[in-house]
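The values are calculated or read from the model by the stated rules, or taken from the named source; none is laboratory data. It should be emphasised that the depicted structure is a prediction, and the values quoted were computed from it without experimental measurement. Using ideal geometry, Cβ is built from the backbone for each residue, glycine included, and neighbour counts are taken over all protein chains shown. Heavy atoms of the whole protein, side chains included, go into the accessibility calculation; ligands, DNA and RNA do not. Shrake-Rupley method; radii C 1.70, N 1.55, O 1.52, S 1.80 Å.
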Amino acid sequence: MLRITGNRIVSERLSSINRWRRWYSVQVARKDNEAGFIPKLPDFDYTPPPYEGPSGEEILAKRKEFLSPSMFFFYKKPLNIVHGKMQYLFDENGRRYLDAFGGIATVSCGHCHPKVVEAIVNQTRKLQHSTILYLNNAVADFAEALAAKLPGDLKVVFFTNSGTEANELALLMAKLYTGNHDVISLRNGYHGNAAGTMGATAQSVWKFNVIQSGVHHAVNPDPYRGIFGSDGEKYARDVEEIIEYGTSGNVAAFISEAIQGVGGIVELAPGYLPAAYKMVKNAGGLCIADEVQAGFGRTGSHFWGFESQGVVPDIVTMAKGIGSGIPLGAVVTTPTIAEVLTQRSYFNTFGGNPVCSAAGRAVLDVIAQENLQQNALTVGTYLKNSLTALQHKYQLIGNVRGKGLMLGVELVTDRELKTPAKLETLHIMDQMKDLGVLIGKGGCRGNVFRITPPLCFTKEDADFLVGAMDYTMSKI
């Protein structure tokens, strides 16, 4: 009987201890929730080699002395990034960061993807450069593979070194082909910073005080800040009025992104491009799709951004994701339009460089073989839903938008007035960096997070990103 009583006492004590443990766990969890649970980077089985180069402070000093003073950087204390692997970057101390910016929507396959690296190394061993005045299969094979990804009669490729160059060439071709000079672009759009593309860019921060004539900026079909909400056809009427009141009635080109990247990941209102394209074509103009950021499967639902609006442009420009980090751009158009460059000599020394071409071809192969477009759709949708849930939690988030792995989060101090939260954006960026997340910033007002990671991004990465943003916002 004493033994039974003793067991009962022990049992009651254990029960009491278990109740206390459960109560304590609840209190700890509650405090964690109140304070914000600090997220942890997903596991990644890779260790970079030791870094033996100069420190960040040394590099910054050289940069200030020898590089252009116009160059700027993110963060109060700029990062010295020395190594990359897939969706992660490493600093000089070996610390790992989740790259949610992808080198400005550039690293499509992932940092140092082995198949892309192998293609670059193999071609470099054989031939780094000659000239397109000689024959080489690397550029011909890449052009064929690239043309196969485009609809209709878009099958003639011109290679360039960047998106700016690609857009400059596209605008030149449009003017030569039509015999007209007026160009229409969208407010808030960005197309480059050379002579012609600076004119087409419609954000004052990117425009120097030089003569930029012959470009008309149409009302931006922005579903969040625009006057007509999501009614694309109403916005398109401004294109018609520009043609009627601001030109001779004939135009050379209309150029636009399907999702404005530098402008803050702004999707064009549904139905806008079909209506605008029709008006431009009626005025004798060509339609140019700037796919520098939205192309190569980044939007998930389509390989090209313009496809989401059901249009086929006359000229398509591309760069960034085309080479997953290699300096490469391209213009693709029809045989008829391409013929205009034979009127004089057109030449680009590095356009069609065999190493860049080999890299570009490898990128196309990796996107297809590893289903990266589908991954962008699946993970991007998951991430957007998670960010939208965060929007319901914090009044600071005014809008979540974009498609696939091209997403934007706009921060505002007042949802009704949509007052840009510029300082908060900078603060959160810095704090997220300290947690291990590198994120981009954009928008004309500097208050939009640009999320454009490598297309190998995972749901675990998405959870970490949202967790870091949640934790940081909980501290404001």
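List of remarks:
- Solvent-accessible area, 1.4 Å probe, carbon plus sulfur percent, for the range 30-127: 57
- Of all DSSP beta bridges in the chain, antiparallel share, percent nearest 5: 65
- Environment charge at Gly329 (Cβ cut-off 13 Å; Lys +1, Arg +1, Asp -1, Glu -1): -3
- Counting charges near Ile265 (Lys, Arg +1; Asp, Glu -1) among other residues having Cβ under 12 Å from its Cβ returns a value of +2.
- Sparsely packed chymotrypsin sites (Phe, Trp or Tyr not before Pro) within the range 175-210, loop by DSSP, other Cβ within 10 Å at most 13: Phe208
- Distance from the Cα centroid of the range 46-85 to that of the range 387-414 is 30 Å (rounded to whole angstrom).
- For the range 40-110, the solvent-accessible area of protein heavy atoms averages 63 Å² per residue (probe radius 1.4 Å; ligands and nucleic acids excluded).
- Formal net charge of residues neighbouring Val121 (Cβ-Cβ distance under 15 Å; K, R +1; D, E -1): +3
- DSSP-defined antiparallel bridges as percent of all bridges, the range 220-356, nearest 5: 45
- Too-long pairs where the Cα-Cα distance tops 26 Å, listed order kept, from Lys77/Lys115; Lys320/Lys384; Lys40/Lys85; Lys77/Lys459; Lys64/Lys433; Lys85/Lys475: Lys77/Lys115; Lys77/Lys459; Lys85/Lys475
- Per-residue ellipticity at 222 nm computed for the chain from its helices equals -13000 deg cm²/dmol, with DSSP H segments shorter than 4 residues left out and the rest contributing -39,500 (n - 2.57).
- Charged-residue dipole, Cβ positions (Lys, Arg, Asp, Glu), the range 43-125 about Cα centre, Debye nearest 20: 220
- Proximal aspartates and glutamates relative to Lys126, as straight alpha-carbon distance under 19 Å, when same-chain residues fewer than 8 apart are discounted: Glu118, Asp141
- Top positive-direction residue, dipole computed over the range 147-248 with Cβ charges, set His217, Gly196, Ser185: Gly196
- Acute angle (nearest 10 degrees) that the helix 372-393 long axis makes with the longest principal axis of the chain, alpha-carbon atoms: 60
- The accessible surface of the range 317-476, taken with every protein chain in place and a 1.4 Å probe, is 51 percent carbon and sulfur.
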